[in-house]
Amino acid sequence: MGWRVVESRTAFENSLLLLRDLALNPPNGEPSHCTYVERGPAVMVLPVTHQGEIVMMRQFRFPVDEWCLELPMGTAVETPGKPLHAVVAEELEADIGGSFDALEEVGSFYTSPALSDESCHVFLAVGVSMRLAPPEARDDVRIVRKPVAEVVQLIRCGRLKHGPTALAILLCEPRLLELGFI
């Protein structure tokens, strides 16, 4: 697009993210500056059980001081070269103790393009089964099962506030209709 990076430096780095600081020369010639989080690709999975329920996580998110309903999601950065569907299977098992009969990629989106380079690849997992023992218990996470139509209604009335989860579910909505879950 004509933007040229004049200087790039790592401002901060830990196991979750890298904060990149750039000096830029845009097409109009006026020097510019950009700082963003480098995260790379991520996956988000919409798990639907045989009974037509979406399995979600209710997680406490400190920055907003609220419990948020979210789909299982994870980054693919730690496993370079691994196919995204394999990352999805690992995330589903780790986050909710689930496995699936069928998996399809539905689409992708940028989670927050003003702040991060993260692209989120959305998958629909159908025929999800849960193991008897839940995944490792944590004080800040609860597993929640809700009918598909109820979750879509939560989005439409503004009560499901986790933006990436809401968008992922709406991207899957046409396929959920085709499969008879709505």
Answer residue from segment 59-104, given it is under 13 Å from the mean Cα position of the chain (by Cα) and acidic (D, E) and is modelled with the highest pLDDT among those:
E70
Index of the failed condition, S108 passing every other in (1) at pLDDT 95 or above; (2) under 23 Å from M130 (Cα atoms):
(2)
If you go through segment 152-170 one residue at a time, how many are surrounded by 14 or more Cβ atoms within 10 Å (Cβ to Cβ) and either within 18 Å of G74 (Cα to Cα) or aromatic (F, W, Y) (or both)?
7
Give G74, G97 a once-over and let me know the one that is open to solvent by less than 30 Å² (accessible area, probe 1.4 Å), out of contact with any helix residue (DSSP H, G or I) (no Cβ under 8 Å at 6 or more places or on another chain) and of a type outside the set (A, V, I, L, M).
G97
Counting only residues that are hydrophobic (A, V, I, L, M, F, W, C) and either open to solvent by 40 Å² or more (accessible area, probe 1.4 Å) or under 21 Å from the mean Cα position of the chain (by Cα) (or both), segment 23-38 contains a total of 2
For segment 117-128, name all the residues that are modelled with pLDDT of 95 or more and over 10 Å from V43 (Cα atoms).
L124, A125, V126, G127, V128
Condition check: small (G, A, S) and in contact (Cβ under 8 Å) with a residue 24 or more places away in the chain. Does G81 satisfy that?
no
Show the residue pairs meeting these rules: Cβ distance below 6 Å; 6+ apart or different chains; first residue within segment 102-124 and over 21 Å from M56 (Cα atoms) and open to solvent by less than 70 Å² (accessible area, probe 1.4 Å); second residue of a type in the set (V, I, T) and part of a strand (DSSP E or B).
S116/V37
From R20, R61, residue being open to solvent by less than 70 Å² (accessible area, probe 1.4 Å), more than 24 Å from L103 (Cβ to Cβ) and not aliphatic (A, V, I, L, M):
R20
Whether any residue in segment 39-46 is part of a strand (DSSP E or B), open to solvent by 40 Å² or more (accessible area, probe 1.4 Å), under 21 Å from C172 (Cα atoms) and in contact (Cβ under 8 Å) with a residue 40 or more places away in the chain is what I want to check.
yes
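The values are calculated or read from the model by the stated rules, or taken from the named source; none is laboratory data. Source: prediction; values computed, not measured. Cβ atoms come from the backbone with ideal geometry, glycine included; neighbour counts cover every protein chain shown. Ligands, DNA and RNA are stripped out before the accessible areas are found, and what is left, the full protein with its side chains, is counted by its heavy atoms. Shrake-Rupley method; radii C 1.70, N 1.55, O 1.52, S 1.80 Å.
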